[in-house]
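None of the figures in this text is laboratory data; all of them are computed from the coordinates on show. Model, not experiment: these values are computed from the prediction. Quick reminder, even Gly has a Cβ in these numbers, built from the backbone with ideal geometry, and neighbours come from all protein chains shown.
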Amino acid sequence: MFALALLAGYGENTWVHGVGDGAPWIAQQVAEVFPRQRYVLDRYHLLENLHKGAMGLAANSPPGAKEWVEEQIARIDQGKVEEVIAECGIRGGQKDEQPLNQLARYLENRKGQLDYASAQEAGLPIGSGAVEGGHRHVIQARLKLPGAWWKEETINPMLALRTLRANGGWTAFWN
């Protein structure tokens, strides 16, 4: 990750913007590798988890799940993440496995990754679709061939070469 950033012009004063699916290890790696960074939870994964949490709403309680999710998105976009977490905790009751309590824990663990407004103001992405598309095109296209298998010690060099070629650096690398 760092080597590719250097090839793209990364320097001492460069800010890095990361977007990920919420896996804690990704945010941790970005923070360790790039001291000047901002990391946001992919918007799709936020929505996915909000909808899962909404399954914990009482069947007849207003608002309905769709409206409730929209209200929570608006709150998060306004920087009111703590209000969303508190409401989930109140509505979730005492059961840890209740979907709203699970959502509250999920959001609590990712509070610093929900500043979508700042990212959008800076013209930065809040979704990882382009990266995931590149993953399918560059990585999976080579690694998921019928009958293909890889040794642990050769997979990273192969991925590095595929990424180098996809980013237009193939000729420069070999020269």
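Tabulated data
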item	result
Segment A74-L124, extension gain: residue separation times 0.36 nm, minus the distance between their alpha carbons	16.1 nm
R0 of 35 Å, Cβ-Cβ distance M158-A117: FRET efficiency to nearest 0.05	0.35
Pairs of Lys in the chain closer than 23 Å at Cα, counting only those 8 or more apart or on different chains	9
Structure-derived semi-axes √(5λ) of the Cα gyration tensor in Å - corresponding label in (1) 61, 19, 10; (2) 25, 22, 16; (3) 38, 20, 14	(3)
Added length on full extension, which subtracts the Cα-Cα distance from 0.36 nm per residue, E82 to A58	6.5 nm
For I90, I85, order by how many other beta-carbon atoms lie within 10 Å, fewest first	I90, I85
Electrostatic dipole magnitude of the chain [Cβ: Lys, Arg +1; Asp, Glu -1; Cα centre; debye, to 20]	580 debye
Amide H partners (placed H, <5 Å) of R38, local residues excluded	V16, H17, G18
Point-to-point label distance, T171-E32, nm (Cα→Cβ direction, 7 Å offset)	3.8 nm
Value at 222 nm in deg cm²/dmol, rounded to 500, when DSSP H runs of n ≥ 4 in the chain each add -39,500 (n - 2.57)	-15500 deg cm²/dmol
